[in-house]
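Have a look at the structure below before the remarks.
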Amino acid sequence: MARLVVQSLDTGRFLCPSMLDGSPEWVRSLREAGGGVLTDEHQARAVAIEYAEAGEQVQLVDLDRLGTANDYVGAL
């Protein structure tokens, strides 16, 4: 099961479910995201589309992919 966060390419912030009530919120660091990650890619894409500012570019980041042979190095 993937652990996904949505990241703004414009601001670097992360969009994740609030640990308090589950509503999506933008945070500045992964530490602030806490355990508020998404596990379903379709849900993550839907949240990104709904909560990104008009024209803001976003990307999905799979936390389990970071630091592995399948890392994002050179992916952009």
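The values are calculated or read from the model by the stated rules, or taken from the named source; none is laboratory data. Treat the numbers as computed from the prediction; the structure is a model and nothing was measured. Heads up, the Cβs are rebuilt from the backbone with ideal geometry, glycines too, and the neighbour counts pull from every protein chain shown. Note: accessible area is taken over every heavy atom of the protein model, side chains too, but ligands, DNA and RNA are not part of it. Shrake-Rupley method; radii C 1.70, N 1.55, O 1.52, S 1.80 Å.
Filtered by the rule that a residue be part of a loop (DSSP other than H, G, I, E, B) and either open to solvent by 80 Å² or more (accessible area, probe 1.4 Å) or of a type in the set (Val, Ile, Thr) (or both), segment 10-39 gives 10, 11, 19, 20, 21, 28, 37, 39. Residue 59 falls short on exactly one of the conditions (1) in contact (Cβ under 8 Å) with a residue 24 or more places away in the chain; (2) open to solvent by 90 Å² or more (accessible area, probe 1.4 Å), and that condition is (2). Any chance segment 66-75 includes a residue that's polar (S, T, N, Q) and either open to solvent by 50 Å² or more (accessible area, probe 1.4 Å) or part of a helix (DSSP H, G or I) (or both)? Yes; the residues of segment 66-75 include at least one that is polar (S, T, N, Q) and either open to solvent by 50 Å² or more (accessible area, probe 1.4 Å) or part of a helix (DSSP H, G or I) (or both). Quick check: anything in segment 40-51 in a loop (DSSP other than H, G, I, E, B), over 11 Å from the mean Cα position of the chain (by Cα), loosely packed, with under 12 Cβ neighbours inside 10 Å and of a type outside the set (D, E, K, R)? So far as segment 40-51 goes, no, none of its residues is in a loop (DSSP other than H, G, I, E, B), over 11 Å from the mean Cα position of the chain (by Cα), loosely packed, with under 12 Cβ neighbours inside 10 Å and of a type outside the set (D, E, K, R).
For beta carbons closer than 9 Å, sequence separation of 6+ or different chains, a first residue in segment 28-50 that is touching a residue at least 12 places away in the same chain (Cβ under 8 Å) and a second that is among the hydroxyl-bearing types (Ser, Thr, Tyr) and not in a helix (DSSP H, G or I), the qualifying pairs are 28/11; 36/18.
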